[in-house]
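What follows is one structure encoded as structure tokens, with my remarks underneath.
A short reminder: the numbers here are calculations on the coordinates, not readings from a lab. For clarity, every value in this text was computed on a predicted model and none was experimentally measured. Counting neighbours? That spans all protein chains shown, and the Cβs are built from the backbone with ideal geometry, glycine included.
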Amino acid sequence: MNFQDYNTYIMMMMTEFHDFALMLLIIIMLYIMYMIFWFFNNIYINKNILHNQFIEIVWTIIPVFILIFMALPSLKILYMIEETMNPNLSLKILGHQWYWSYEYCDFYNIDFDSFMILNDKMKMIRLLDVDNRLILPYNLNIRGMISSVDVIHSWALPVLGVKVDAVPGRINQCLFYLNRMGIYYGQCSEICGLNHSFMPIVLESVTMKNFLKWLKNF
């Protein structure tokens, strides 16, 4: 199992950090297992040695350096997530029980609701496809402003590395930059009631030409 194929630079950094941290954990676990096996099978044990200052210094310094190697890329990713930029397109996202609504703030009267499709006979991904997809152009700085009209929801798209809580009376924002075309799926990631698992998110990344054509025909 692995992450979905990333579509933003931040998600690429998250995936690489995950692989790096996992590699360190595997090395540490293998070393500990080797030491346990070695101690159980070693008959040459000096019971008169109660402590060894050099060994204690070594097994304190090495974990410190390991934590530093993990902290540096982690802090870099955290700062990149919170980085601000001038958006080329702003999007208002509202969570409802149990669907999402979208509004393109830079265009007049471009808003719609997005409900999950219940017909399983259609050639769509079960419980993940919607009647109105979120259409966005790639190679563009996009700002999402997320809120809710009833209870707490969470707008999450793993491909983008985005998970933002939708809180009533509060606006949270996320910034992302799509790298390529495609159709990407997400779900509400905060338990919000009876039909929490039935409010998926579908984002379709298109070219600017097709995006403008979609706006014209909306």
Checklist outcome for this item: The ³J(HN,Hα) series, computed from each phi in segment 53-59 with the Karplus coefficients 6.51, -1.76 and 1.60 at θ = phi - 60°, rounded to the nearest Hz and given as x for glycine or proline, is 5, 5, 5, 5, 5, 5, 7
Next on the checklist: Only counting other Cβ atoms within 10 Å, I'd like Tyr34, Tyr177 sorted with the fewest neighbours first.
Outcome noted: Tyr34, Tyr177
Checklist outcome for this item: Residue span Leu140 to Arg180: 0.36 nm per residue of separation minus Cα-Cα distance leaves a gain in nm of 13.4 nm
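Rounded to the nearest 5, what is the percent of antiparallel bridges among the DSSP beta bridges in the chain? List each step's numbers first, then the result.
Values: 30 of 42 bridges.
The antiparallel proportion sits near 70 percent.
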Checklist outcome for this item: Sorted by chain and number, the residues with a modelled amide H under 5 Å from that of Ile135, at a separation of 5 or more or across chains, are Glu204
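Quick one: dipole size for segment 98-209, taken about the Cα centre, charges +1 on Lys/Arg Cβ and -1 on Asp/Glu Cβ, in debye to the nearest 20.
On the way: 9 positive and 11 negative charges, 84 e Å.
Roughly 400 debye for segment 98-209.
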Checklist entry - Given H placed 1.01 Å from N in the peptide plane, which residues other than close sequence neighbours of Val130 have an amide H under 5 Å from its amide H? => result Ile117
Checklist entry - Put +1 on the Cβ of each Lys and Arg and -1 on the Cβ of each Asp and Glu in the chain; which of Tyr138, Val162, Val64 then has its Cα farthest toward the positive end of the dipole? => result Tyr138
Checklist outcome for this item: HN-Hα couplings for segment 147-157 via Karplus (6.51, -1.76, 1.60; θ = phi - 60°), in whole Hz with x for Gly/Pro, come out as 8, 9, 9, 9, 10, 6, 10, 8, 8, 10, 10
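Hey, got the dipole for the chain? About the Cα centre, +1 on K and R Cβ, -1 on D and E Cβ, debye to the nearest 20? Intermediate results must be reported in sequence, preceding the final value.
Values: 14 positive and 17 negative charges, 70 e Å.
It comes to approximately 340 debye.
Within the chain, which is the longest segment containing none of the trypsin sites (Lys or Arg not before Pro) that sit in a DSSP loop and have at most 12 other Cβ atoms within 10 Å? Mind dumping the intermediate values first?
Numbers: sites that count: Lys47, Lys121, Lys123, Arg126, Arg170, Arg180.
By the stated rule (loop sites, at most 12 other Cβ atoms within 10 Å), 48-120.
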Item to check | Amide hydrogen neighbours beyond the local backbone of Trp100, cut-off 5 Å, H modeled | outcome: Ser114
